[in-house]
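Below is one structure, written out as structure tokens; comments come after it.
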Amino acid sequence: MNSTNGAAIPEVLRVAIIGSGPSAFYAAERLLKAPDLNVEIDIFERLPTPFGLVRGGVAPDHAKIKSVTKVYDKIASDPRVRFYGNVTFGKDVTRADLAEFYHAVIFAVGAQTDRQMGIPGEDLSGSYAATEFVGWYNAHPDYRDFQFDLSQTSAAVIGNGNVAMDVARILARTPEELLATDIADYAIDALRNSNLRDIYVLGRRGPAQAAFTNPEIKELGEMAGADVIVAPEEVALDALSKASLAANGDRSAERNVEILTRYSEQSPQGKKRRIIFRFLVSPVELIGNDHVEAIRIVHNDLYQTEDGTLRPRPNDREEVIPVGLVFRSIGYKGVSLPGVPFNEKAGVIPNRQGRVIDPKTDAVVPGDYVVGWIKRGPSGIIGTNKPDSVETVERLLEDVTAHNLPQPAKPSRASMESLLNTRGIHFVTYQDWQTLDSLEQKNGQAQGRPRIKFSRVEDMLEALDLADADQLLPSLD
């Protein structure tokens, strides 16, 4: 790369964004709003469909959250923005390729895998990552062919964040509730025949430290086919938790405790399934021969660290819970990208306020930026990504003004698309996505559902070919 240091600001600033989740669209939005800047933004996505975890991670029974895509539609409709779906970074195009066409590259790939528990038996059949289950029921092509043994009668969900709540809730939903959502059609069939009765939700800290939000825990008590079981001793606060709540005035944590306390005071209604909360316990072993048969847990006590944080540590009490399914939901983790610096331990691209850093030299990598979970780790909600992306783009704009960006040899869309065409890459445009979107909704309408998602890339591409040949009508009329 040749630096533009000392040269004029580019007549057209060319920016590539790798990934198309919320952080990618918020970065594009900020670039579009930059005054006196002529910019072209090309968004590259591995799948033919955009929106990242909004499509593939948000629970299907949370349709309101997904309405944020209307904002992204508006951003994508700007003529300065192009979407290139079905293009894999590192395979179809490399960082060296992008250097030919763009002044800057923003990595917005999220956290694509999960953290391991690191305990014996974790690899037994019947032990899964929550990311796998979430991707499966959301019709994500990577997980479409996974199989989950729903013939079991008991399951454990490890973790007490919102994803853990999603997993427990989807496992406990009635078929009628699921039919009102855009959950994968094959997932409805499998869950309709589920034998699950008891779903244990295990948290290593206490109820006051639970990471789920108030709406998530409240929603569990409103389900048609599941009782929420909380024993009074499970929700009783230890002295440290009481003191922490009093000192911090964390209304969200207080509300969580109030809701859990209410559950502990209610009598079960005899519904088909039970969601059973356990706190201050950690898994230490999955027990079984070829398949999970039980989980061994150790009880924890809380202690206060020097910075005031309450942390769990095991005591001498252990317990075995018979379960045939285990879903670990202890956090997402980023994966490395070819040719891009990466911090393996933290699971992020090393950066300073969004500028990518070479860990060997601690120097800024000119033209490379990062946003979202791959920047800061898997924390926050969808809206958290907006200020995060704005921070990164502000640094990029500072580098534009300071003439610190590389100068590409072929800064044009035509040159970039020529490369894709030469390599035989069947890229999907945003208009193509809108065709798929309409087809999914049309297919859903035929069954009285919001949509029926395509779950295989080849099916998406075939549908687009048929639509192009006028064999299918992409409109809803």
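Only helices (runs of 4 or more DSSP H) wholly contained in segment 170-222 count here; list those with 3 or more residues that are within 16 Å of Asn160 (Cα to Cα) and modelled with pLDDT of 95 or more.
Ranges flagged: 214-220.
Conditions first: (1) in a loop (DSSP other than H, G, I, E, B); (2) surrounded by fewer than 17 Cβ atoms within 10 Å (Cβ to Cβ). Pro341 passes all but one, so which condition is the exception?
Only one criterion in (1) in a loop (DSSP other than H, G, I, E, B); (2) surrounded by fewer than 17 Cβ atoms within 10 Å (Cβ to Cβ) is unmet by Pro341, namely (2).
Quick check on segment 23-42. Is at least one of its residues modelled with pLDDT under 95, closer than 18 Å to Asp432 by Cβ and either exposed (fewer than 13 other Cβ atoms within 10 Å of the Cβ) or out of contact with any His (no Cβ under 9 Å at 6 or more places or on another chain) (or both)?
Within segment 23-42, none of the residues are modelled with pLDDT under 95, closer than 18 Å to Asp432 by Cβ and either exposed (fewer than 13 other Cβ atoms within 10 Å of the Cβ) or out of contact with any His (no Cβ under 9 Å at 6 or more places or on another chain) (or both).
From the list Ala210, Ala224, which residue is closer than 23 Å to Leu302 by Cα and of a type outside the set (Ser, Thr, Tyr)?
Ala210
Is it true that some residue in segment 431-447 is basic (Lys, Arg) and under 30 Å from Gly334 (Cβ atoms)?
no
Given the conditions (1) under 16 Å from Tyr200 (Cβ atoms); (2) of a type in the set (Phe, Trp, Tyr); (3) at pLDDT below 95, which single one is not true for Phe277?
Phe277 satisfies all of (1) under 16 Å from Tyr200 (Cβ atoms); (2) of a type in the set (Phe, Trp, Tyr); (3) at pLDDT below 95 except (3).
Could you give every pair whose Cβ atoms fall below 6 Å, whose first residue belongs to segment 388-407 and is free of Cβ contacts under 8 Å to residues at least 40 places away in the same chain, and whose second residue is surrounded by fewer than 20 Cβ atoms within 10 Å (Cβ to Cβ), counting only separations of at least 6 or pairs across chains?
Here the result reads Glu391/Gln353, each pair linking segment 388-407 to a residue that is surrounded by fewer than 20 Cβ atoms within 10 Å (Cβ to Cβ).
Out of Pro268, Pro283, which single residue is closer than 22 Å to Ala168 by Cβ and not in a strand (DSSP E or B)?
Exactly one residue qualifies, and that residue is Pro268.
Pairs under 9 Å by beta carbon, first residue in a loop (DSSP other than H, G, I, E, B) in segment 297-323, partner of a type in the set (Gly, Ala, Ser), six or more apart or different chains?
Hits for this filter: Gly308/Ser244; Gly308/Ala247; Val323/Gly126; Val323/Ser154; Val323/Ala155; Val323/Ala156; Val323/Ala294.
Among helices (runs of 4 or more DSSP H) lying entirely in segment 379-477, which contain 2 or more residues that are of a type in the set (A, V, I, L, M, F, W, C), at pLDDT below 95 and under 30 Å from Tyr137 (Cα atoms)?
457-468
Taking the stated definitions as given, is Val320 out of contact with any helix residue (DSSP H, G or I) (no Cβ under 8 Å at 6 or more places or on another chain), in the same structural domain as Val167 (by TED's automatic domain parsing), modelled with pLDDT of 95 or more and under 25 Å from Ala59 (Cβ atoms)? Full working, then the answer.
On the way: out of contact with any helix residue (DSSP H, G or I) (no Cβ under 8 Å at 6 or more places or on another chain): yes; in the same structural domain as Val167 (by TED's automatic domain parsing): yes; modelled with pLDDT of 95 or more: yes; under 25 Å from Ala59 (Cβ atoms): no.
Criteria not met by Val320.
When you scan segment 138-159, do you find a residue that is at pLDDT below 95, surrounded by fewer than 24 Cβ atoms within 10 Å (Cβ to Cβ), of a type in the set (Asp, Glu) and within 21 Å of the chain's Cα centre (by Cα), even just one?
No.
Take Phe101 and tell me if it is touching a residue at least 60 places away in the same chain (Cβ under 8 Å), within 30 Å of Pro350 (Cβ to Cβ) and crowded, with 20+ Cβ neighbours inside 10 Å.
Yes, satisfied.
Quick one: is Pro312 in the same structural domain as Ala164 (by TED's automatic domain parsing) and under 27 Å from the mean Cα position of the chain (by Cα)?
Judged against the criteria, Pro312 is a match.
Filter segment 191-238 for residues that are under 27 Å from the mean Cα position of the chain (by Cα), within 21 Å of Arg251 (Cβ to Cβ) and among the hydrophobic types (A, V, I, L, M, F, W, C); which is surrounded by the fewest Cβ atoms within 10 Å (Cβ to Cβ)?
Ranking the candidates gives Ala211 first.
The values are calculated or read from the model by the stated rules, or taken from the named source; none is laboratory data. Predicted model only: the values in this text are computed from it and were never measured. Quick reminder, even Gly has a Cβ in these numbers, built from the backbone with ideal geometry, and neighbours come from all protein chains shown.
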